Amino acid sequence: MSIASRAASAYEQLRRHSTHPLISDSKAADIARAAVRLAALLGIDPAHVQPNRSWNSLVLPLAPLTLRASDPEDERQVYTFSYRDPIYDDEPFFLLGPCPVCGAMVPLAEVRSLADLGAFLDQGPAPLLNNGMLPNSYPDEFDRDPAHSSTCPFREGES
């Protein structure tokens, strides 16, 4: 896909979703910009990135925003990312996946570039140690995420 085509698609995504009847114009624009930014990072058409929930059922506040990116070559392959604060363009995305201990969907990798995602896909999550220490390859948000089960040793405040 050409640069011009991708630019037109990004603009159309922003235009379509920057105003939404259920959420404020500024919040809708933030969500749309985050989706377009993730698409640019992944090198895919913005049409392949959507909020995890339907635009018709978004509940505020969206902190963190969850976006789903489908692979243009295999629509069944979907990556889910969280994004803490859409106001800032330098915030990283976090690839979500199952916690190796409790199975909850939590941040497994910080993604600032396509190479970051490639490194995670190549190496996968590092094994978690029995001593309760988190390997350096996990983002700080891993054990801060409230999605961990109540019995997970990596739940915030319990590690």
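The values are calculated or read from the model by the stated rules, or taken from the named source; none is laboratory data. Keep in mind it's a predicted model, so treat the numbers as computed, not measured. Positions of Cβ are backbone-derived with ideal geometry, glycine not excepted, and every protein chain shown enters the neighbour counts.
Brief remarks on what is shown
- Selected residue (criterion: surrounded by the fewest Cβ atoms within 10 Å (Cβ to Cβ)) from residues of region 118-159 that are aromatic (Phe, Trp, Tyr) and in contact with a Phe, Trp or Tyr (Cβ under 9 Å, 6 or more places away or on another chain): TYR138
- Filter result (within 14 Å of VAL36 (Cα to Cα) and either of a type in the set (Val, Ile, Thr) or modelled with pLDDT of 90 or more (or both)) within region 61-81: THR66, LEU67, ARG68, ALA69, SER70, PHE81
- Residue ID - surrounded by the fewest Cβ atoms within 10 Å (Cβ to Cβ), chosen from residues in region 29-48 that are of a type in the set (Val, Ile, Thr) and under 16 Å from PRO92 (Cα atoms): VAL36
- Among the residues making up region 142-159, a single one is part of a helix (DSSP H, G or I) and either at positive phi or modelled with pLDDT of 90 or more (or both): PHE142.
- Elements of the type strands (runs of 3 or more DSSP E) sitting completely within region 63-117 and holding at least 1 residues that are of a type outside the set (Phe, Trp, Tyr) and surrounded by fewer than 12 Cβ atoms within 10 Å (Cβ to Cβ): these cover 74-83.
- For ALA126, the conditions (1) out of contact with any helix residue (DSSP H, G or I) (no Cβ under 8 Å at 6 or more places or on another chain); (2) within 16 Å of ARG68 (Cα to Cα) all hold with the exception of (2).
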